[in-house]
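Presented below is the structure to which this report refers.
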Amino acid sequence: MPVDESRLSGFYKLSVEERRAKVAELANLTPDQVSALANHGELDELAADRMIENVIGTMSLPVGIATNFVIDSKAYLIPFCVEESSIVAAASNMAKRCLKHGGFKTSNDQPVMIGQIQVLGLENVEEAGEAILTAKYELMKMCNSLPSTMIKLGGGCKDIIVRSIDTMSGKMLVIHLLVDTRDAMGANAVNTMAELITGKVEEITGGRVHLRILSNLASHRLARVEATFTPEELSDDGTRDSGSKVISAILEAHHFALADPYRATTHNKGIMNAISAVALACGQDWRAIEAGCHAWAAVDNEHYSSMTQWYRNDEGNLVGVLETPMAVGIVGGASKVHPVARANLSILGVDSAQELAGIMAAAGLAQNLGAMRALATSGIQAGHMKLHARNMAVSAGAVGEEIERVANIVNSQNGPVTQQLVNQTLEQLRMN
């Protein structure tokens, strides 16, 4: 998509149908994909029943489009599936504020996942580990003997490493299979390989293989993104002096998250507001992604800390960096089963799992800045509650045109927007 097409000026003013038509035009969606989006994202019961057990129905969530994103010199419209107001608006706003330096730039690892094999009952763990390394090419050959499209495309087991860990159950040998899963997330392939070589591992080590399972801490599959924001872009009045003060306030907020795990937890939740929303929209295992990202925030740190790094460069600009595990796929799983996930991947127009990983990381970095900027300036509630007022009006019982009228009235008043205020406003509106 041409860079200027990500801007979509006035997009929020359009009706849902008009927005859908605009996105369908830009992303060249098929009629079936447009229909899937228009049909409230619902699965038919037969499809749902094939996905999980004991199905009794389905549940819909909104899908919104984040605009203004330029990533690696390419424009994107990014689908977010999320129930919380202000997330899509904040990400779009921050993406618009880093265009002077070319938007977001990514650098991602190869799609290598880890399969863990736990070996117990060893007389000498170190010797058993050495024996595995001596036989690793034989073990890799066994892993890659599986009839697999992934292997035909150049993926498969690329290396084997061993670790010795002390536990409450004694010393254990842990074998890591490093598997290039290409454009798949890869859980099934990795687990199958780990189970396939169990007998050979026991023969080599003389131990007992216990767990054989993929690790969701995908430390060999990191997504990296960086973006630069000028003071003028971050200010509300377009001046450098004002923007420099905003940058100082943002850095103070970031330093809080670096030092305090209580703050870091909420800080990182804001990052995942975007990453998980894009993951869900595109049929990814968002629970695995969440687990990997949060674990990475604690690995090699004295305590759980910020997933992002922010600093002021020599030119006085704010630079943000996010490096985190990103195990995603564009083949297999819900990304190919759910019709709306397929439509959302078409909106993104991604050609590889690595491209999708970079997009998700960019969305997370933008979302993080949006939250910090709001917290460090006007406070998080001002913008959030303004957008949330419509939900509160519905909770109060407003219907039809009442919803917008109540939201507009409460947003025009000074002071906090509370549910009680919304209830009273609706009551007064109906009395008049």
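The values are calculated or read from the model by the stated rules, or taken from the named source; none is laboratory data. Please read these numbers as outputs of a predicted model, since none were measured by experiment. Cβ atoms come from the backbone with ideal geometry, glycine included; neighbour counts cover every protein chain shown.
Numbers at a glance
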read-out	value
Hits in the range 53-81 - residues which are among the β-branched types (Val, Ile, Thr) and over 25 Å from residue 273 (Cβ atoms)	55, 56
Any hit, the range 161-183, residues being in contact (Cβ under 8 Å) with a residue 12 or more places away in the chain, surrounded by 15 or more Cβ atoms within 10 Å (Cβ to Cβ) and among the small types (Gly, Ala, Ser)	no
Total residues in the range 43-88, condition of a type in the set (Gly, Ala, Ser) and crowded, with 18+ Cβ neighbours inside 10 Å	5
Number of the condition not met by residue 301 [criteria: (1) part of a loop (DSSP other than H, G, I, E, B); (2) in contact with a strand residue (DSSP E or B) (Cβ under 7 Å, 6 or more places away or on another chain)]	(2)
Among (1) more than 27 Å from residue 370 (Cα to Cα); (2) part of a loop (DSSP other than H, G, I, E, B), the one test that residue 24 misses	(2)
Count of the range 290-310 residues which are within 18 Å of the chain's Cα centre (by Cα) and of a type outside the set (A, V, I, L, M, F, W, C)	7
Residue under evaluation residue 188, criteria (1) over 29 Å from the mean Cα position of the chain (by Cα); (2) modelled with pLDDT under 95, criterion not met	(1)
Number of positions in the range 6-15 that are in a helix (DSSP H, G or I) and exposed (fewer than 11 other Cβ atoms within 10 Å of the Cβ)	1
Lone unmet requirement of (1) β-branched (Val, Ile, Thr); (2) without any contact (Cβ under 8 Å) to a residue 60 or more places away in the chain; (3) in a strand (DSSP E or B) for residue 151	(3)
Counted residues, the range 225-277 - those being in contact with a Leu (Cβ under 6 Å, 6 or more places away or on another chain) and either surrounded by fewer than 23 Cβ atoms within 10 Å (Cβ to Cβ) or assigned to a helix (DSSP H, G or I) (or both)	4
Output for the range 191-215, where each listed residue is more than 21 Å from residue 130 (Cα to Cα) and either modelled with pLDDT under 95 or not in a helix (DSSP H, G or I) (or both)	213, 214, 215
Residues located in the range 103-140, provided they are small (Gly, Ala, Ser) and without any contact (Cβ under 8 Å) to a residue 60 or more places away in the chain	129
Looking only at the range 311-335, and only at residues there that are over 27 Å from residue 242 (Cα atoms) and hydroxyl-bearing (Ser, Thr, Tyr), the one that is nearest to the chain's Cα centre (by Cα)	324
Condition met for residue 319 (farther than 23 Å from residue 369 by Cα and in contact with a strand residue (DSSP E or B) (Cβ under 9 Å, 6 or more places away or on another chain))	no
Number of the exception - residue 151 against (1) β-branched (Val, Ile, Thr); (2) outside the structural domain of residue 37 (by TED's automatic domain parsing); (3) touching a Leu at 6+ places or on another chain (Cβ under 8 Å)	(3)
Failed condition for residue 214, given (1) closer than 24 Å to residue 334 by Cβ; (2) among the aliphatic types (A, V, I, L, M); (3) surrounded by fewer than 20 Cβ atoms within 10 Å (Cβ to Cβ)	(3)
